[in-house]
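The values are calculated or read from the model by the stated rules, or taken from the named source; none is laboratory data. Being a predicted model, the structure only gives us computed values, none of them experimental. FYI the Cβ positions are ideal-geometry reconstructions off the backbone, even for glycines, and counts take in every protein chain you see.
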Amino acid sequence: MKSPYLEIDLSKIINNAIKLQEMLSDKQINITFITKGVLANLDIIKAVQKAGIKYFGDSRIDNIKKVKLNLPNINYTLIRIPRLSELDDVVEYCDYSLQSELDIIKELDKRAQEKNKIHNIILMVDVGDLREGVLVADVLPTIKEILKLDNIKLSGIGTNVGCYRSIMPSVENTQILVDLKHKIKDECYYEIEMISGGSTCTTRLFFNNQLNPEINFLRIGEAILLGEDSTNDIKINGFEDDAFILSAEIVELKNKPSLPIGQKGKDAFGNENEYIDYGAIDRAILAIGRQDVIIEALEPLDDQIKILGGSSDHMILDVTKSSTTYNLGDCISFRCCYSAMLTSMASPYVTKIFK
Ligand SMILES: *Cc1c(COP(=O)(O)O)cnc(C)c1O
């Protein structure tokens with residue numbers, strides 16, 4: 001097997017999907033499974049479909065196009081607010097899209113008109129994380145304009161937290177959406193069908209019985225793929241957390257000093273590092289680097305191994321304390337956290353193996 005390789009255990013992903021789907025559907029909450037972290041991989045999408053999930057979402061129109069060519073009837077939401085230059089594709093390939101700019105929505109209406117289609121949108125509301133979304137005070141005026149458009153259907157409102165400014169989902173910030181839904185009904189006589197309440201980090205409110213019952217959609221990637229909620233820094237109880245295992249080969253194994261010798265500059269990525277002398281150590285160099293994966297998001301399966309750092313093509317480990325005897329040519333394996341999964345899935349140098 002050509003290393004480095006990423007082993008993907010589909011049965012673990014299916015187990016997580018079935019579990020979450022059962023828990024959420026009990027409370028009439030739909031999952032939109034977010035595929036951007038796995039490049040909209042078809043094997044994974046088909047596995048998640050088997051678990052009964054019907055809605056899918058991705059940030060990249062190219063990913064959605066690819067899936068639709070293979071699975072034309074799949075329901076897909078574009079979850080990154082679109083570029084002006086991709087609006088024709090949005091109308092053509094997406095069942096829903098998240099939106100936050102009235103001018104873009106108006107243009108989308110024109111494109112939908114040209115194609116004789118109605119396009120469904122979910123208006124994003126910024127409840128504090130300061131990524132995408134209309135400010136709360138602007139929601140009603142914006143919606144009044146949207147409701148004038150013939151070829152746009154306002155299907156829902158949504159919000160995103162926990163991604164950019166790491167604001168946590170809370171009872172208060174999800175309540176904002178529910179209040180808005182009622183205001184829209186009272187002032188615009190319009191009933192919103194969907195409240196897309198958040199991502200994996202919002203499941204914490206659900207597990208604590210704090211999620212407002214009017215939230216009826218969650219956009220989920222990490223919980224199903226990795227069984228964890230990294231914004232809240234928790235593993236999800238009873239979920240499989242090791243569906244993605246990355247392995248790379250040892251190309252140097254030597255006992256060397258821990259303190260570099262010579263005058264210190266910046267490393268290959270512009271960082272200045274501090275070093276502590278803790279004597280000579282057994283070091284392994286792996287043939288994988290920052291070009292392939294965000295190494296900070298890897299956890300060695302052998303927990304006596306310490307990741308010391310890396311450069312574009314090398315990763316350096318301290319294996320002194322390990323009870324395993326490693327040899328040149330052996331592979332060392334790591335559990336992937338989200339950004340390691342995302343980058344190694346995207347690296348053309350990493351072989352993907354489905355189990
Ligand atoms: C990535 C993303 C998600 C999914 O987040 P997870 O943490 O993987 O559940 C949901 N919504 C939007 C807008 C996203 O960009």
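Would you call ALA17 more than 19 Å from MET345 (Cα to Cα), within 13 Å of the ligand (Cβ to nearest atom) and either modelled with pLDDT of 95 or more or more than 19 Å from the chain's Cα centre (by Cα) (or both)? Criteria met by ALA17. Restricted to region 20-46, and to residues there that are part of a loop (DSSP other than H, G, I, E, B) and either on the phi > 0 side of the Ramachandran plot or touching a Phe, Trp or Tyr at 6+ places or on another chain (Cβ under 8 Å) (or both), the residue that is farthest from the ligand (Cβ to nearest atom) is GLN28. Restricting region 47-80 to residues that are exposed (fewer than 15 other Cβ atoms within 10 Å of the Cβ) and assigned to a helix (DSSP H, G or I) leaves a set whose member that is nearest to the ligand (Cβ to nearest atom) is ASP62. If the condition is being within 30 Å of LYS66 (Cα to Cα) and basic (Lys, Arg), then region 91-149 contributes LYS106, LYS110, ARG111, LYS115, LYS117, ARG131. Close contacts from region 210-239, counting a first residue that is without any contact (Cβ under 8 Å) to a residue 60 or more places away in the chain and charged (D, E, K, R) and a second that is away from the ligand (no atom under 13 Å from the Cβ) and in a loop (DSSP other than H, G, I, E, B), with Cβ to Cβ under 9 Å and a gap of 6+ residues or different chains, come to LYS235/ASP241. Within region 112-143, being within 14 Å of the ligand (Cβ to nearest atom) and of a type outside the set (A, V, I, L, M) holds for ASP126, ASP129, ARG131, GLU132, GLY133. The listed residues are ILE353, ILE281, ILE307, ILE288, and the only one of them that is outside any loop (DSSP other than H, G, I, E, B), touching a residue at least 40 places away in the same chain (Cβ under 8 Å) and more than 16 Å from the ligand (Cβ to nearest atom) turns out to be ILE353.
Kindly indicate whether any position in region 303-312 is out of contact with any strand residue (DSSP E or B) (no Cβ under 8 Å at 6 or more places or on another chain), farther than 18 Å from TYR5 by Cα and either at pLDDT 95 or above or surrounded by fewer than 13 Cβ atoms within 10 Å (Cβ to Cβ) (or both). Before you say what the answer is, go through the steps one by one.
We begin by selecting, within region 303-312, every residue out of contact with any strand residue (DSSP E or B) (no Cβ under 8 Å at 6 or more places or on another chain); these are 303-304, 311-312.
Next, from what is left, pick out any that are farther than 18 Å from TYR5 by Cα: 303-304, 311.
So of that shortlist, the ones also either at pLDDT 95 or above or surrounded by fewer than 13 Cβ atoms within 10 Å (Cβ to Cβ) (or both) come out as 303-304.
Taking every residue of region 303-312 in turn, at least one turns out to be out of contact with any strand residue (DSSP E or B) (no Cβ under 8 Å at 6 or more places or on another chain), farther than 18 Å from TYR5 by Cα and either at pLDDT 95 or above or surrounded by fewer than 13 Cβ atoms within 10 Å (Cβ to Cβ) (or both).
Taking (1) on the phi > 0 side of the Ramachandran plot; (2) surrounded by 21 or more Cβ atoms within 10 Å (Cβ to Cβ); (3) at pLDDT 95 or above; (4) not polar (S, T, N, Q) in turn, GLY198 satisfies each apart from (3).
Strands (runs of 3 or more DSSP E) wholly in region 184-267 with at least 2 residues that are more than 12 Å from the ligand (Cβ to nearest atom) - which ones? Steps first, please.
Details: elements: 194-196, 217-220, 244-257.
Hits in region 184-267: 194-196, 244-257.
Of all residues in region 88-111, exactly one satisfies the criterion of being touching an Asp or Glu at 6+ places or on another chain (Cβ under 6 Å), more than 16 Å from the ligand (Cβ to nearest atom) and without any contact (Cβ under 8 Å) to a residue 40 or more places away in the chain, namely ARG111.
Within region 214-234, the set of residues being at pLDDT 95 or above and either of a type in the set (Gly, Ala, Ser) or surrounded by fewer than 21 Cβ atoms within 10 Å (Cβ to Cβ) (or both) comprises GLU214, ASN216, GLY221, ALA223, GLY227, GLU228. Of all the residues in region 145-191, those that are more than 30 Å from GLU92 (Cα to Cα), without any contact (Cβ under 8 Å) to a residue 40 or more places away in the chain and acidic (Asp, Glu) number 3. For region 160-179, taking the residues that are assigned to a helix (DSSP H, G or I) and more than 19 Å from ASN30 (Cβ to Cβ), the one that is nearest to the ligand (Cβ to nearest atom) is identified as ASN173. Total residues in region 144-159 satisfying the condition of being assigned to a loop (DSSP other than H, G, I, E, B) and within 16 Å of the ligand (Cβ to nearest atom): the figure is 1.
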